[in-house]
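Data block below; observations after.
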Amino acid sequence: MATRKRLSPEESRAQALEAARQLLIEAGPQAVTLKAVAGRIGRTHANLLHHFGSAAGLQKELGKHLGQTVCDTIADAVRATRAGIGSVREVVDLTFDAFGPEGGGALASWMLASGNEDALDPIVEAVHRVVHDLAPEEAAHGDNPRMHETTFTLVLLAMGDALLGEQLADSLQVRRSVARDRAEAMMRAAFEAHGFAV
């Protein structure tokens, strides 16, 4: 009889968060339950309760995990663009994809609708950290908050596009890519204002 490999607490949490992310993408935020995640990874409901405390705790940790993972990926793309080896469109597409196909927008709206608003704090903090790291002069002086304003607008565009973009594009008979195109133009202007050739 085969025995299950004993995982460290960190490995067990990471495995559960990856399973939760897959459930989010496949079936939406309502599918991210302790029972579903436990079944996906071959663990018990009690094991996940031990790690996350509740379904809300699991969703909060998933939000934190997604926020940090997405922000790290976007930060790498921004740095590559600044170095001339990436593109502004890649930054925009990564952001929109994080909220759309990767499920970030659905998870955020689900947490808000279920009254779990504080679960968004880790996502907001991750966004704040990446902007601070990418534009430390703005944090130090506060006199030219262009990167902060650009990030704010980009995230709102990506979130709105994830939740209503397809329906609005159809209703208004506009190209589905309009929001991404506008975000790209805004990001290009922000990069150029900071002296980066793009």
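Numbers at a glance
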item: Sites residue 30 and residue 118 - FRET efficiency at Förster radius 22 Å, r taken between beta-carbons, to 0.05; result: 0.70
item: Kirkwood-based Rg to Rh ratio, region 66-105, C-alpha trace; result: 1.00
item: The chain, Rg to Rh (Cα coordinates; Rh as Kirkwood inverse mean 1/r); result: 1.03
item: For region 56-193, with +1 on Lys and Arg beta carbons and -1 on Asp and Glu, the positive-most of 173, 187, 109 along the dipole; result: 173
item: Estimated 222 nm signal from helices in the chain, with DSSP H stretches of n ≥ 4 weighted -39500 (n - 2.57), rounded to 500; result: -23000 deg cm²/dmol
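Each reported figure results from applying straightforward, stated rules to the coordinates on display, with no laboratory input. All values reported here derive from a predicted model rather than from experimental measurement. With ideal geometry, Cβ positions are generated from the backbone for all residues, glycine too; neighbour counts draw on all protein chains shown.
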